[in-house]
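Student: Structure below; questions to follow.
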Amino acid sequence: MIKETIGLSPAEVEQFRREGYLLCHRQLFPEPKFQKLQATFERILANAPPGKKPEDLDVPHYGYPELFEWLLADEVLDVVEPIVGPDIALWSSHFLAKPAGKGRAVPWHEDSAYWKGMLEPQEVVTVWLAIDASDRENGCMRVIPGSHSHGFSDYEMVERPEENVFGTRIKKDQFDEAKAVDLELAPGEFHLHHAKEIHGSNSNTSDRRRCGYTMRYMSTAVKFYEDARRMRHQIYLARGRDRAGNKYGDPTQRWEEGIR
């Protein structure tokens with residue numbers, strides 16, 4: 001019996017490699033499975049520690065192993081495999097929920113800039129799944145096409161750190177913001193971006209929340225340096241076999257050491 005998958009077409013893979021991103025206006029998971037993920041997110045958000053901002057729900061799978069039902073699912077791994085190959089590691093995940101009316105902006109950045117010294121090479125693909133509708137009005141993600149081929153950029157401090165998720169941004173002379181593309185999605189749809197792609201998002205001043213779930217993957221040939229920057233981080237074998245001598249966590253267990 002042939003397994004039915006979403007996957008990516010050769011043309012989509014080529015676009016991702018050329019532009020550093022891919023916008024997919026189709027459902028990643030079947031509706032019942034997606035609705036279960038939405039309900040799981042609402043429970044995680046409701047149980048967040050006092051004072052923890054909705055944009056800061058990073059690595060939730062450490063404390064909620066049930067998230068591996070989606071993180072290690074064939075539906076998402078079949079999308080990732082044409083890009084990273086058959087041997088796949090889960091690098092990380094993050095719920096990014098911008099509250100209505102006050103959701104903070106995400107300054108222009110490259111994900112790889114925050115992982116310097118931790119990975120070699122910096123070849124990570126992020127699957128950004130829309131938990132809520134994501135559009136220009138409520139602060140959808142924006143990308144600079146083709147910027148993933150330019151290496152690391154130079155950064156500077158943001159003017160109003162209280163209004164931004166990060167305290168730094170890429171210097172304005174490093175890229176042309178006029179080339180930015182808005183990645184609008186309906187709930188359940190997704191887009192992909194490369195770790196080196198320049199991206200960000202505006203603040204959410206609408207009357208609707210905007211939440212996305214980022215699921216980040218890499219080839220197991222990428223070396224993870226566990227002691228780099230003394231960060232408590234753990235990766236997981238998602239599909240295939242290890243090819244770099246990495247150590248992997250147990251997806252059936254909470255990882256108390258990494259919960260933050």
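The values are calculated or read from the model by the stated rules, or taken from the named source; none is laboratory data. Note that this is a predicted model, so its numbers are computed, not measured. Heads up, the Cβs are rebuilt from the backbone with ideal geometry, glycines too, and the neighbour counts pull from every protein chain shown.
Student: Check 173, 242, 250 and return the single one that is within 22 Å of residue 44 (Cβ to Cβ) and either surrounded by fewer than 17 Cβ atoms within 10 Å (Cβ to Cβ) or β-branched (Val, Ile, Thr) (or both).
Tutor: Unique residue meeting the criteria: 250.
Student: Within region 126-136, is even one residue among the β-branched types (Val, Ile, Thr), within 27 Å of residue 30 (Cα to Cα) and in a strand (DSSP E or B)?
Tutor: yes
Student: If residue 189 passes every condition in (1) in contact with a helix residue (DSSP H, G or I) (Cβ under 9 Å, 6 or more places away or on another chain); (2) under 23 Å from residue 75 (Cα atoms) but one, which one does it miss?
Tutor: Exception for residue 189: condition (1).
Student: Restricting to region 201-225, count the residues that are more than 21 Å from residue 71 (Cα to Cα) and outside any strand (DSSP E or B).
Tutor: So the answer is 8.
Student: Would you confirm, using the coordinates I've provided, whether residue 67 is assigned to a helix (DSSP H, G or I), touching a helix residue (DSSP H, G or I) at 6+ places or on another chain (Cβ under 7 Å), at pLDDT below 95 and over 29 Å from residue 144 (Cβ atoms)?
Tutor: For residue 67, the condition - assigned to a helix (DSSP H, G or I), touching a helix residue (DSSP H, G or I) at 6+ places or on another chain (Cβ under 7 Å), at pLDDT below 95 and over 29 Å from residue 144 (Cβ atoms) - is not met.
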